[in-house]
1. Test of understanding: among ALA71, ALA54, ALA24, which residue is within 14 Å of the ligand (Cβ to nearest atom), aliphatic (A, V, I, L, M) and not in a helix (DSSP H, G or I)?
2. Please specify each residue of the range 286-303 satisfying the condition of being part of a loop (DSSP other than H, G, I, E, B) and surrounded by fewer than 12 Cβ atoms within 10 Å (Cβ to Cβ).
3. Filter the range 169-188 for residues that are touching a Phe, Trp or Tyr at 6+ places or on another chain (Cβ under 7 Å) and hydrophobic (A, V, I, L, M, F, W, C); which is farthest from the ligand (Cβ to nearest atom)?
4. On the basis of being part of a helix (DSSP H, G or I), assigned by TED's automatic domain parsing to the domain that holds ALA30 and either farther than 19 Å from GLY170 by Cβ or touching a His at 6+ places or on another chain (Cβ under 7 Å) (or both), does ASP117 make the cut?
5. So, in the range 189-212, exactly how many residues are over 13 Å from GLU238 (Cα atoms), within 10 Å of the ligand (Cβ to nearest atom) and surrounded by 13 or more Cβ atoms within 10 Å (Cβ to Cβ)?
6. I'd like the full set of residues that are within 30 Å of SER234 (Cα to Cα) and either without any contact (Cβ under 8 Å) to a residue 12 or more places away in the chain or surrounded by 11 or more Cβ atoms within 10 Å (Cβ to Cβ) (or both), limited to the range 257-278.
7. Out of everything in the range 98-140 that is among the acidic types (Asp, Glu) and under 26 Å from GLY226 (Cβ atoms), what residue ends up being nearest to the chain's Cα centre (by Cα)?
Amino acid sequence: MSETVRFDDKVVIVTGAGGGLGRAHALQFARHGARVVVNDLGGSAHGEGASASAADRVVAEIREQGGQAVASHDSVTDGDKIVQNALDAFGRIDVVVNNAGILRDKSFAKMEDADWDLVYRVHVEGAYKVTRAAWPHLREQNYGRVIFTSSTSGIYGNFGQSNYGMAKLGLYGLTRTLAIEGRKNNILVNAIAPTGGTRMTEGLIPASVFELLKPELVSPLVVYLGSEQCQDTSGLYEVGGGWIGKVRWERSLGAGFDPRAGFTPDDVAAQWQTISDFEDAVHPGDNVEALKEMMANLQKFPG
Ligand SMILES: NC(=O)c1ccc[n+]([C@@H]2O[C@H](COP(=O)([O-])OP(=O)(O)OC[C@H]3O[C@@H](n4cnc5c(N)ncnc54)[C@H](O)[C@@H]3O)[C@@H](O)[C@H]2O)c1
């Protein structure tokens, strides 16, 4: 059976593709016909140092398998250079996979500005810089796919990862607005929260499970989200170990108080169960839907 998800005339940038999940994504895009910019700074998992070898190795692997790829050794914080690299090598950009990342885990009590700032810079500023530099090209050609890499540590929180969680959920916030702004130019923007056995998770995940959480089990979703076949935008998908699920916001129906008469903290306490009751929960898809119950409350208590 012939493949439908193909990238024969497409150019894909994968950041942080010198190892782990990014390497798996880059190899899979190439296998599906994409010309790939393999970006990696080649530093440590804590964001120290740099080396060209990580990206170069993956480019060599792709070429050995008959694919097309070039290396990019810049930091994602120099996103314009990575995009220029893609234009110089292949003349266009169709897909941006923001994957590069580091960890500087510390409890909040021990958090230092340098750990906070570096995690912000690589994950958030880096993804911003690469995507911002690619954006005009995607708009101009009326086509683009952007994927951000979030994390369950951002969605749910995780001890010792206040900096990382902040950055990762920030990327989902970026996803939501870019999905709105990109829609009219056929630029679809989605986020993944992956779990994979990589140097980032080595020692954190039990060895027997680590083995099974192969990075290449995350890539089929990323490649699909990067394809023309995918018509969804604004999504957040948890993925790993051969499983994929979609995440959405849920909010209780809430409790209403008289906006003109005002209300007290005791009134809030009296309604606490209703405020927290998810029995008839709603799932707002946008700002307008989110404000529906609030607006209805204004109508409920006419002046
Ligand atoms: N592995 C997991 O279970 C997991 C879970 C949630 C989120 N993530 C996210 O997935 C992404 C990939 O992580 P991984 O597990 O493959 O880790 P990894 O350390 O194997 O890969 C990250 C890559 O990013 C590169 N990188 C770091 N800083 C860079 C910079 N400034 N510019 C360019 N490249 C840079 C690194 O050199 C490395 O090759 C990260 O964003 C990570 O936060 C991973």
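1. Testing whether each residue is within 14 Å of the ligand (Cβ to nearest atom), aliphatic (A, V, I, L, M) and not in a helix (DSSP H, G or I) leaves just ALA71.
2. ASP286, PRO302, GLY303
3. In this case the residue turns out to be LEU174.
4. Details: part of a helix (DSSP H, G or I): yes; assigned by TED's automatic domain parsing to the domain that holds ALA30: yes; either farther than 19 Å from GLY170 by Cβ or touching a His at 6+ places or on another chain (Cβ under 7 Å) (or both): no.
For ASP117, the condition - part of a helix (DSSP H, G or I), assigned by TED's automatic domain parsing to the domain that holds ALA30 and either farther than 19 Å from GLY170 by Cβ or touching a His at 6+ places or on another chain (Cβ under 7 Å) (or both) - is not met.
5. Within the range 189-212, residues that are over 13 Å from GLU238 (Cα atoms), within 10 Å of the ligand (Cβ to nearest atom) and surrounded by 13 or more Cβ atoms within 10 Å (Cβ to Cβ) number 6.
6. Across the range 257-278, the qualifying residues are THR274, ILE275, ASP277.
7. Here the residue is GLU125.
Results for (1) closer than 24 Å to GLY20 by Cβ; (2) surrounded by fewer than 21 Cβ atoms within 10 Å (Cβ to Cβ); (3) away from the ligand (no atom under 11 Å from the Cβ), shown as yes or no for each residue.
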| site | (1), (2), (3) |
| --- | --- |
| GLN141 | no, yes, yes |
| ASN163 | yes, no, yes |
| ALA167 | yes, no, no |
| THR233 | no, yes, yes |
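The values are calculated or read from the model by the stated rules, or taken from the named source; none is laboratory data. What you see is a predicted model; the values in this text were computed from it and never measured. Neighbour counts are summed over all protein chains in view; Cβ atoms, including those assigned to glycine, are modelled from backbone coordinates with ideal geometry.
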